[in-house]
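What follows is a short report on a single structure.
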Amino acid sequence: MTNDPNEHNDPNTHPHGHNIDHDEAHAEITKWERRWLSLSALISLTFVAFIAYSLVVEGAHIAQGTERATPAQLLSQDMFVQPSVTELSPGNFQVSVVAQAYSFNPPEIRLPEGATATFFLTSRDVLHGFQIENTNVNVELIPGEVSSFQYTFDRPGEYRVVCNEFCGVGHHNMMSRLVVVEADEYEEEVLLAQQRLEQAQASNEAWRVSGEAVYTSNCTGCHQANGQGIAGAFPPLAEHAVNLLRADGGRDYLANLQLYGLQGPIEVLGATYNGNMPAWKQLSDDDIADVLNYVLHTWGNDELLPDDFELYSPDEIAALRDQDLDADAMYARRQQLGLD
Ligand code: CUA
């Protein structure tokens, strides 16, 4: 109080009275300070109580014991090269998922009612989220780490899976589905898929089934199931894929596109697209050949194919690997294709 500059300069203040006023003001301030401190403490305690409640009653748990390695090391593991649902023993499933901007692979997970699934998840590029609606599953997917958890799906139905970490311009499109079907129905589906594969193999058209699977897992996020792409970002493959194939040097270009990606704004069928095609080197020669053949025979593309078209072969893809090419070099090549 002796520091108060008004104490001796204010002629209207009696020195003793002034001191009493000040003490009262001080007491008032102290009272409010106590109130605010108690309120802050109460808020913190409320949060602690909520967390404790969710851990004990709702069965939430904090993820721990995650594996860590370079993203390339992780992604080279079998379960992430071909992310999938595998039945380990009756009722027990392993589900592996790779997230990338802006899709989850696989885009749909199907499980039978009552299945206990152990999930292994990682990200190919940036931080993504993996939240299954109507469950308490909500994990972060971090490049170079594997998030793992177990969940038992007792209620049949369709669950949306969403990314809840802002990961870029396509974040709001980053979604997938988890479908829990009745046990009988599930068995039937597995059987049907097997039959379909055997039939395709018998008729020498295994590439149709495999190509569709590769496409569904890796390409639908951007180019969509109907091959129409996303306006402004990802071009349609219907019609356009055949136009690329028919261009001068187009056959190799189309295969290289899968191996090296493409970066830069492009014009397709009169519209501009400025998404980024990642390189898909990690896919096998068979997978790349199959998916190219699938794309060239779907959405009416087969009608547009040249009569002398021959299927891409795995050997053809293998021969194109290890070139000194990248997404920018591919962009330069694209300019030379003579497309309009
Ligand atoms: Cu991935 Cu948002």
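The values are calculated or read from the model by the stated rules, or taken from the named source; none is laboratory data. None of these values were measured; they are calculated from a predicted model. When we count neighbours, we look across all protein chains shown, and the Cβ atoms used for this are built from the backbone with ideal geometry, even at glycine. Calculation scope for accessible area: heavy atoms of the full protein, side chains included, ligands and nucleic acids excluded. Shrake-Rupley method; radii C 1.70, N 1.55, O 1.52, S 1.80 Å.
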Checking the conditions here, which among Gly59, Gly65, Gly114 is at pLDDT 85 or above and more than 16 Å from the ligand (Cβ to nearest atom)? Gly114
Considering only helices (runs of 4 or more DSSP H) fully contained in the range 197-291, which possess at least 2 residues that are among the charged types (D, E, K, R) and closer than 19 Å to Pro107 by Cβ? 206-218
State which residue pairs qualify: first residue farther than 17 Å from Ala233 by Cα and inside the range 164-175, second residue near the ligand (Cβ under 8 Å from one of its atoms) and in a helix (DSSP H, G or I) in any location, beta carbons under 9 Å apart, and separation of 6 or more residues or different chains. Glu165/His171
Got a sec? Which of Arg124, Arg110 is of a type outside the set (Gly, Ala, Ser), open to solvent by 40 Å² or more (accessible area, probe 1.4 Å) and closer than 27 Å to Ala231 by Cβ? Arg124
Can you confirm whether Leu269 is within 21 Å of the chain's Cα centre (by Cα) and within 18 Å of Arg334 (Cβ to Cβ)? no
Among the residues of the range 85-103 satisfying the criterion of being modelled with pLDDT under 90 and in contact with a Lys or Arg (Cβ under 9 Å, 6 or more places away or on another chain), which is farthest from the ligand (Cβ to nearest atom)? Gln100
Given the structure, is Asp326 out of contact with any Leu (no Cβ under 6 Å at 6 or more places or on another chain), open to solvent by 40 Å² or more (accessible area, probe 1.4 Å) and farther than 21 Å from Phe234 by Cα? no
Can you tell me which of Ala183, Ala206, Ala193 is away from the ligand (no atom under 15 Å from the Cβ) and open to solvent by less than 40 Å² (accessible area, probe 1.4 Å)? Ala206
Looking at this structure, is Leu320 open to solvent by less than 40 Å² (accessible area, probe 1.4 Å) and of a type in the set (A, V, I, L, M)? yes
